[in-house]
1. Of the residues Gly77, Gly48, Gly31, which is modelled with pLDDT of 85 or more, over 19 Å from Cys111 (Cα atoms) and open to solvent by less than 60 Å² (accessible area, probe 1.4 Å)?
2. Just for segment 196-212: of the residues that are small (Gly, Ala, Ser) and modelled with pLDDT of 95 or more, which one is nearest to Leu147 (Cα to Cα)?
3. If I ask for residues that are crowded, with 21+ Cβ neighbours inside 10 Å and touching a Cys at 6+ places or on another chain (Cβ under 8 Å), which ones from segment 91-107 would you list?
4. Take the residues in segment 150-163 that are closer than 11 Å to Arg139 by Cα and part of a loop (DSSP other than H, G, I, E, B); name whichever of them is most open to solvent (accessible area, probe 1.4 Å).
5. May I ask you to list the residues in segment 123-139 that are farther than 18 Å from Pro51 by Cα, more than 11 Å from the chain's Cα centre (by Cα) and open to solvent by 10 Å² or more (accessible area, probe 1.4 Å)?
6. Do the conditions hold for Val146, that is, is it under 17 Å from Leu194 (Cβ atoms) and surrounded by fewer than 24 Cβ atoms within 10 Å (Cβ to Cβ)?
Amino acid sequence: GTGENQGNMGADLGVSDQPGFEQLTLRLGSGEFEIFKCTLTDNISLVGEGPEHTVITGEIRGLQAGCEISGMTVLGGITVFRGGGRISDCAVIGGVPGIFATESSLELAHCLIRDGGDGIKVKASNTPVSLTLSDTVIRNNRGNGVLGGGSINAVFERCVVSGNGGGGVDLSDPLLGRGIPSAVFTDSEVSNNLGDGIRIMGGYLDLSNSTI
């Protein structure tokens, strides 16, 4: 890849899937990196220098169990499957959707999700999943801030979902799954979205010190 000041990072093709290691971390320095079909297998993490310094162009596919993406801007979206993973200290800009979790749980902390189709899309047609967000802003997406269907247990702590072209948080889309969703909002705000603020059909909703 190309690092800061267009310097060569020293590896045109790299593999980070060595046997005998339970946890591997690939660290990216400051710069812009173009990727193609990047897939993270189990227990491999991708860590940058911060969203202002490390920029990924392209889609990251296959964030899986034990994996984490942190400290970068992703221009192109993130797909989550096979158990899920964690995203922290990241900006996800663009993508249709920005983040797509299919039959997988997802944890986000200190993230910005903007200018995508739907900000976050969660499919839970086969098994219950959890969606845990803290200190995260989801705004200015063309579709919904969060769109999901199935048995989704969602927790929002100190989050803002605002200015999206569809609804704010909709966890009852039958095309993504049928089940009983639940959501807990604490110290959060869902505002100025063009569709419903929060839509949860047949499930459980708890609001604490939050603005809708």
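1. Numbers: Gly77 fails: over 19 Å from Cys111 (Cα atoms); Gly48 fails: over 19 Å from Cys111 (Cα atoms).
Being modelled with pLDDT of 85 or more, over 19 Å from Cys111 (Cα atoms) and open to solvent by less than 60 Å² (accessible area, probe 1.4 Å) holds for just one of Gly77, Gly48, Gly31, which is Gly31.
2. Here is the first cut: in segment 196-212, the ones small (Gly, Ala, Ser) are 197, 202-203, 208, 210.
Retained after the next criterion (residues that are modelled with pLDDT of 95 or more): 197, 208, 210.
Values: Gly197: 12, Ser208: 21, Ser210: 20 Å.
Residue satisfying both the conditions and the ranking: Gly197.
3. Here is the first cut: in segment 91-107, the residues crowded, with 21+ Cβ neighbours inside 10 Å are 92, 95, 97-101, 104-106.
Across segment 91-107, the qualifying residue is only Val92.
4. Of the residues in segment 150-163, the ones closer than 11 Å to Arg139 by Cα are 159-163.
Now narrow it down to the ones that are part of a loop (DSSP other than H, G, I, E, B): 159, 163.
Values: Cys159: 5, Gly163: 31 Å².
Ranking the candidates gives Gly163 first.
5. Lys123, Ser125, Asn126, Thr127, Pro128, Ser130
6. Details: under 17 Å from Leu194 (Cβ atoms): yes; surrounded by fewer than 24 Cβ atoms within 10 Å (Cβ to Cβ): no.
No, not satisfied.
The rows are residues; the columns are (1) free of Cβ contacts under 8 Å to residues at least 60 places away in the same chain; (2) within 24 Å of Phe81 (Cα to Cα); (3) not in a loop (DSSP other than H, G, I, E, B).
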position	(1), (2), (3)
Thr132	yes, yes, yes
Ile138	yes, yes, yes
Gly179	yes, yes, no
Gly195	yes, no, no
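For (1) outside any strand (DSSP E or B); (2) open to solvent by less than 10 Å² (accessible area, probe 1.4 Å); (3) touching a residue at least 12 places away in the same chain (Cβ under 8 Å), each residue gets a yes or a no:
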position: Asp89; (1), (2), (3): no, no, yes
position: Ile113; (1), (2), (3): no, yes, yes
position: Asp118; (1), (2), (3): yes, no, yes
position: Lys121; (1), (2), (3): no, no, yes
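The values are calculated or read from the model by the stated rules, or taken from the named source; none is laboratory data. The structure presented is a predicted model; accordingly, all values stated were derived computationally and were not measured. Counting neighbours? That spans all protein chains shown, and the Cβs are built from the backbone with ideal geometry, glycine included. SASA here: full protein model, heavy atoms, side chains in, ligands and nucleic acids out. Shrake-Rupley method; radii C 1.70, N 1.55, O 1.52, S 1.80 Å.
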